[in-house]
Structures are given as C-alpha cells and as structure tokens.
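Worksheet: one structure, shown below.
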Amino acid sequence: MSVLMTLHRNHLLTVSLCCLLLAGCASSLKPSNTYKRPAGAAPPEYNTVETGELGATTGLRDDGTGAEVISSETVGEEQSIEVTVPIEPDQVDEVRILSPSGEPVELSREAEIIHKYETNDVGIRFQVPKNNTNIRFQLQLMDTREDDWPPFRDQ
C-alpha cells in the first residue's frame, strides 16, 4: 500500500510540475496580429509628423521636431543614414523619405523603423545610392488610427 501511495504522490508531483512549466511558457507567448483589412475597405487614416529639411551630415538637427542625423556613412555602393526622432514609438507605423520638394527619395532599400522603447524615441535607418552624397531629405512619420483594432497587437 505504501508503494502505491509513493507512486501516486510522485505522479501527482510530476503532473503538478509539468502544469506549472506549461503555464509559465503560455504566459510568455503573445498573440500575433493576423488582421488584414478587407479588400475594398477604405484606406486607414493617418496622423502625420513631418520633419524639416535634413541632410546626410552627422549632427544636423531639425529644431521643429528635434529629429537629428546620428550617423551617415558610405558602405560599398550605398550611403547609410540614421536619424533619431523624439516621438513615442507607438506613434510611428510607417515612414516616407521625401525630397524637400515632396518627391520620394530614391532608396537602395526600404527604410527601417527602429522603435526604441527604452529611450522613448524612434530611429529611422535608410540607404541611398552612393552617387547621391549631397542628399537633402525630410521624413514623414505616419501613425495609423487603426491602432485600436484588432484588440490584440504585437507589443
């Protein structure tokens, strides 16, 4: 009888530990955003922030928004530029790189948005062809008003 009680107690302990481990793993998972707007739905509305004119020189700053060029370097056939903007990371879903006249700037790659939650700002990294070394640009940072839907978002 004591052998059965010991086996039962060991089995109960094993099951309890497995449940605790699974509960811990499940609590660390976040639901992913799989929502897609239906075809033909109205385009999302945007809140937009535009910087003033900047260039590919480290240290250039837009006094209106506080955007600052923090690095500009030539890598191979591209010039890589990184700008930091003191705006809450949750307020930037999309970025456009425009010329001072408002035309899209020719990019070597799609611009990358870097949400810096620890410093509460946003970094924008983009590459232009090396032949465009005297580039002048402005950033158009957009936040969709769809942020409240769906209710489960990647954080």
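Only the coordinates and a few stated rules stand behind these numbers; no lab work does. Source: prediction; values computed, not measured. Positions of Cβ are backbone-derived with ideal geometry, glycine not excepted, and every protein chain shown enters the neighbour counts.
Our estimate of slack between residue 47 and residue 108, defined as 0.36 nm per intervening residue step minus the Cα-Cα distance, is 19.3 nm. Per-residue extension of 0.36 nm, minus the Cα-Cα distance of residue 140 and residue 115, leaves a gain of 7.4 nm for this segment.
Between the amide H of residue 93 and those of 142, 143, 144, distances stay under 5 Å, these residues lying 5 or more places away or on another chain, with hydrogens modeled in the peptide plane.
Between residue 57 and residue 93, the simple spin-label model (points 7 angstrom out along Cα→Cβ) gives 3.7 nm.
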